[in-house]
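Coordinate-derived values only; no laboratory data. Since the model is a prediction, treat every value here as computed from it, not as a measurement. Cβ coordinates were reconstructed from backbone atoms using ideal geometry, including for glycine residues, and neighbour counts include every protein chain displayed.
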Amino acid sequence: MITLVRRVTAVCALGAALSALAACTTTGEATRAPLPAPSATAAVSPSARPPTLAPGPAGRTPVFEYGRRTGAKTVALTFDADMTADQGPRAARGERFDNPGLIAALRELKVPATVFMTGRWAEEYPRQARSIGRDRLFEVANHSYSHYAFTDDCYGLPTIGEERMRADVERAYAVFRKVGVRDAMPYFRFPGGCYDRRALEALTAVGVTAVQWDVVSGDAFATDARAVTQGVLDEVRPGSVVVLHCTRSAAPTTERVVRSVVPKLRAEGFRFVKVSELIAAGGVRR
């Protein structure tokens, strides 16, 4: 989801970059994703169904933005693992859309995190996808298979038709199962963060909770890790959902940002959690 940076000017530049990067396919056999739990009140445990939000108006897919501002100082770091279908040749030439150093840093620092993974990324890096998906420190969520936009005019991304939206999301879940990701979460992040009522209605039958954010790290295409770090520290509040990226070629500073942000937020009394914990505790929905 390498979009939506903090300033309007940065968004414009990022949209142009996305236009150059985005191109995918959405064909393939659809399979059913996990259905939501009846409410988001249950505690998270290995044997419990993941917490989700109740359906929105007219039964549409619910949208979670951030957690409670009161009580415990919790924050969720989320990482979009992006790759589109046309980038396979670039990966074959050595371009890295993964970031093993970032995942190693999270493990070293013992930081729980939610990874929003595209199906195409999981196909390109099946061992890494499986390793992340089987590590209880992390949870894997859905970022679509194709990384096509679910609305028109979304930062230059190609647009997927309404009739293919559900199949695209379900195809990603099928890929996760194929590569060995266990228990992918019933959470979905729209490519580009772009959605409308039509998109929410199209995904109702999939049974996911859409997850947005309230803190844009600005790590996409950034070269100054200190500036990104300071931006995150300035914006984080209790219950925040921070969006970062797990794509080394497009977000080369992210590992350094994490190694700097984590100890500083811990010193301020913050505790890192997965998105599932924020949803379970309640928060703001759109």
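For this structure, a couple of remarks:
- The GluC sites (Glu not before Pro) found in region 240-286 that occupy coil by DSSP, while having at most 16 further C-beta atoms within 10 Å, are Glu268.
- Alpha-carbon centroid distance for the pair region 227-267 / region 72-141, whole angstrom: 15 Å
- Less than 5 angstrom separates the built amide H of Tyr145 from those of Gly119, Val169, Ala172, all sequence-distant by 5 or more or on a different chain.
- Annotation for region 56-159: GluC sites (Glu not before Pro) lying in DSSP loop with at most 16 further Cβ atoms inside 10 Å of their Cβ are Glu95.
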